[in-house]
Structure formats: C-alpha cells, structure tokens
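The values are calculated or read from the model by the stated rules, or taken from the named source; none is laboratory data. Keep in mind the model is a prediction, meaning the values are calculated, not measured. Cβ coordinates were reconstructed from backbone atoms using ideal geometry, including for glycine residues, and neighbour counts include every protein chain displayed.
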Amino acid sequence: MAAKILAVTNQKGGVGKTTTTVNLGASLAAAKQKVLLVDLDPQGNATMGSGIDKGGLAKTVYHLLLRERTLEEVRMASPAARYDLIPANRELAGAEVELVDLPNREVRLKEALEKVSADYDYILIDCPPALNLLTVNGLCAADAVMIPMQCEYYALEGLSDLIKTIKRVRSKLNPSLEIEGLLRTMFDPRNMLAQQVSDQLQQHFGDKVYRTVIPRNVRLAEAPSFGLPALVHDRNSKGASAYLTLAGEILNRHHEENVR
Ligand SMILES: Nc1ncnc2c1ncn2[C@@H]1O[C@H](COP(=O)(O)OP(=O)(O)OP(=O)(O)O)[C@@H](O)[C@H]1O
Ligand SMILES: [Mg+2]
C-alpha cells in the first residue's frame with residue numbers, strides 16, 4: 001500500500017510546522033509506523049531537529065528536485081528518531097529560481113516520492129513559511145495538508161490565503177488534495193483570545209480541527225537544540241505526550257477511513 005503523504009503547511013512563520021513534523025514523525029515511528037520526513041525548507045530546521053548537521057551535507061532535497069541525485073542517494077536514517085529523512089539546507093533556496101524554467105517544476109517532489117511511497121506508512125513534508133514553488137511541490141506530492149496554527153488574532157486571515165492556494169493546486173495540479181486537519185499549537189488555555197479563536201476555528205472547520213491540542217511547552221522548544229524530538233529528549237513532558245496523542249488521533253482517523 002502507498003504511504004499517506006501529509007504536507008505540513010502554513011505560510012505564516014513560526015507557527016509550529018517544523019516542531020509538528022519532527023514530533024509527529026517521531027510519535028508515528030514510536031507507534032511502529034514506517035515514516036519518512038522531507039525537509040522542504042532552506043532553513044533546514046527539521047534536518048537539525050532530527051540530529052543531522054545541515055552544514056556538511058553534499059546531497060539534499062535540492063539535488064533531488066533538480067534530478068541530480070536519486071531519492072536513495074539523498075535519504076538518511078535519523079540518528080535521533082526511528083524515521084528516515086530527506087534533508088535540506090540553504091542550497092535549497094536556489095531551487096526556487098533554478099526550477100522556474102524546468103519541465104514539471106511543480107511535481108518533481110511528487111515524482112521522486114512515488115518510487116518509495118510503498119516503503120512507508122507516512123511521509124511528512126515540512127514546508128517553508130511561504131506559498132512558493134517549494135510549497136507547491138509539497139502540495140502536489142501530498143494526499144492531504146496538515147495546518148498547524150497559533151490561535152491568534154490574525155491566524156484566520158492568513159488561513160484564507162492558504163486555502164485559496166490549496167484550491168488552486170487542486171484545480172490545476174492535484175485534484176485529490178484534501179485538508180487533513182488543523183492543529184492548534186502553542187496553546188495557552190488561560191488566554192481568552194486563544195479560546196475565542198479556537199472556538200471560531202471549530203465553528204468554521206468542524207471535524208477538521210484535531211481534538212488534540214498542542215500546549216506551549218518548554219521541552220518542545222529546547223529539544224531541537226539537542227537535535228532530538230521531544231519524545232527522546234523528555235518522554236514524559238506535556239509536549240511529547242501531546243504529539244503522541246495526536247499520532248493516535250491520526251492513526252484512528254486513517255484506520256476508520258480504511259475500514260469504511
Ligand atoms: N508547543 C510549543 N511550545 C513551545 N515552543 C514551541 C512549540 N511549538 C513550537 N515552539 C517553538 O516556536 C518556534 C517556532 O516553531 P517552529 O520552528 O516549529 O515553527 P515553524 O512554523 O516551522 O517556523 P518557520 O515558519 O520558521 O519554519 C521554535 O522556536 C519552536 O521551538
Ligand atoms: Mg519550520
């Protein structure tokens with residue numbers, strides 16, 4: 001069976017995309033799922049957070065997108081978690097420009113992943129904070145989009161641009177692209193505004209909002225500086241346990257979909 005491919009996307013910066021990709025990846029792997037992470041951000045944060053030094057890499061997702069390397073050549077095992085990783089570093093920023101005049105520029109990641117999709121249960125793509133060609137590659141390769149968001153005043157406004165982009169990709173490039181879910185991140189239940197935005201989110205998106213909420217938790221913030229997912233850094237932290245719960249919610253959802 002082919003992997004379920006999720007693009008973790010929000011063009012707003014710092015909302016928890018990378019934290020979600022790394023910690024959900026580690027949690028799914030801990031639940032015996034075969035997981036591949038794709039770092040599609042020139043910042044390389046998911047690469048570093050998986051315990052791989054982005055600086056010294058000769059083969060990255062950049063070379064995969066330009067078809068200079070095969071997926072087998074760029075794939076690595078994360079030393080920190082039980083998943084595989086396609087790493088990224090600053091070189092990827094050049095791909096934006098270099099891909100523009102090349103054929104099939106939007107579907108290069110999709111084509112590359114098709115060859116290994118059967119090897120995995122889940123492929124998670126960490127997108128950059130922009131609605132650019134890299135993100136479009138992520139959206140074309142994916143079955144569904146996971147949208148992490150902070151429950152702040154401008155959060156809903158940004159969401160409408162993202163949903164427009166998803167609809168555009170759906171109509172032109174990837175008709176079966178779904179919204180998998182919206183994830184409330186860095187949540188502080190004592191914050192009134194966060195509660196209000198959370199309520200609005202549920203009114204608009206109903207079941208698409210994950211029941212699991214990710215709390216603000218210092219272990220989640222500090223784990224990347226050790227090159228570790230929170231699950232490995234401090235298994236008993238609130239952050240690690242929230243992502244384990246999220247993995248359970250996602251596995252249940254997909255199990256129900258498959259049974260139906
Ligand atoms: N639940 C959380 N609790 C505390 N800190 C968090 C939490 N989630 C993320 N952070 C911290 O917030 C910052 C932004 O998170 P992260 O890098 O995951 O966001 P991002 O959306 O990937 O950012 P970018 O848009 O730059 O790629 C990081 O310093 C991260 O450690
Ligand atoms: Mg990020």
Identify, from the list D234, D188, D207, the residue that is away from ligand 1 (no atom under 13 Å from the Cβ) and out of contact with any Cys (no Cβ under 7 Å at 6 or more places or on another chain).
D207
Tell me, please, whether a residue that is within 13 Å of L124 (Cβ to Cβ), touching a Cys at 6+ places or on another chain (Cβ under 8 Å) and not hydroxyl-bearing (S, T, Y) can be found in the stretch 49-72.
no
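Per-residue answers, yes or no, for (1) touching a Pro at 6+ places or on another chain (Cβ under 9 Å); (2) among the aliphatic types (A, V, I, L, M); (3) surrounded by fewer than 19 Cβ atoms within 10 Å (Cβ to Cβ):
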position: R67; (1), (2), (3): no, no, yes
position: A77; (1), (2), (3): no, yes, yes
position: L85; (1), (2), (3): no, yes, no
position: A93; (1), (2), (3): yes, yes, yes
position: V100; (1), (2), (3): no, yes, yes
Quick check on V38: is it under 14 Å from the mean Cα position of the chain (by Cα), within 10 Å of ligand 1 (Cβ to nearest atom) and at negative phi?
no
Condition met for S171 (more than 16 Å from ligand 2 (Cβ to nearest atom), modelled with pLDDT of 95 or more, under 24 Å from L251 (Cα atoms) and polar (S, T, N, Q)):
no
Of the numbered conditions (1) within 12 Å of I5 (Cβ to Cβ); (2) in contact (Cβ under 8 Å) with a residue 40 or more places away in the chain, E114 satisfies every one except a single condition; which is it?
(2)
Selection from the stretch 34-50 of residues buried (at least 20 other Cβ atoms within 10 Å of the Cβ) and not in a helix (DSSP H, G or I) yields V35, L36, L37, V38, D39, L40, D41, P42, G44, S50
Report yes if E152 is surrounded by 14 or more Cβ atoms within 10 Å (Cβ to Cβ), part of a loop (DSSP other than H, G, I, E, B) and more than 14 Å from the chain's Cα centre (by Cα), otherwise no.
yes
Looking at the structure I just gave you, is A26 within 15 Å of ligand 1 (Cβ to nearest atom), out of contact with any Cys (no Cβ under 7 Å at 6 or more places or on another chain), in contact (Cβ under 8 Å) with a residue 60 or more places away in the chain and of a type in the set (A, V, I, L, M, F, W, C)?
yes
The lone exception for K164 - which of (1) touching a strand residue (DSSP E or B) at 6+ places or on another chain (Cβ under 8 Å); (2) part of a helix (DSSP H, G or I); (3) away from ligand 2 (no atom under 16 Å from the Cβ) it fails
(1)
In the stretch 7-19, what residues are more than 9 Å from ligand 2 (Cβ to nearest atom) and either buried (at least 22 other Cβ atoms within 10 Å of the Cβ) or charged (D, E, K, R) (or both)?
A7, T9, N10, K12
Qualifying residues in the stretch 112-139 (those that are within 16 Å of ligand 2 (Cβ to nearest atom) and under 18 Å from V22 (Cα atoms)) - the one surrounded by the fewest Cβ atoms within 10 Å (Cβ to Cβ)
P129
Wholly within the stretch 188-245, which helices (runs of 4 or more DSSP H) include no fewer than the required count, namely at least 3 residues that are touching an Asp or Glu at 6+ places or on another chain (Cβ under 8 Å) and of a type outside the set (S, T, Y)?
192-205
Looking only at the stretch 1-33, count how many residues are more than 11 Å from the chain's Cα centre (by Cα), under 15 Å from L220 (Cβ atoms) and part of a loop (DSSP other than H, G, I, E, B).
2
Looking for whichever is crowded, with 17+ Cβ neighbours inside 10 Å and touching a strand residue (DSSP E or B) at 6+ places or on another chain (Cβ under 9 Å) here; the options are A223, A194. Which one fits?
A194
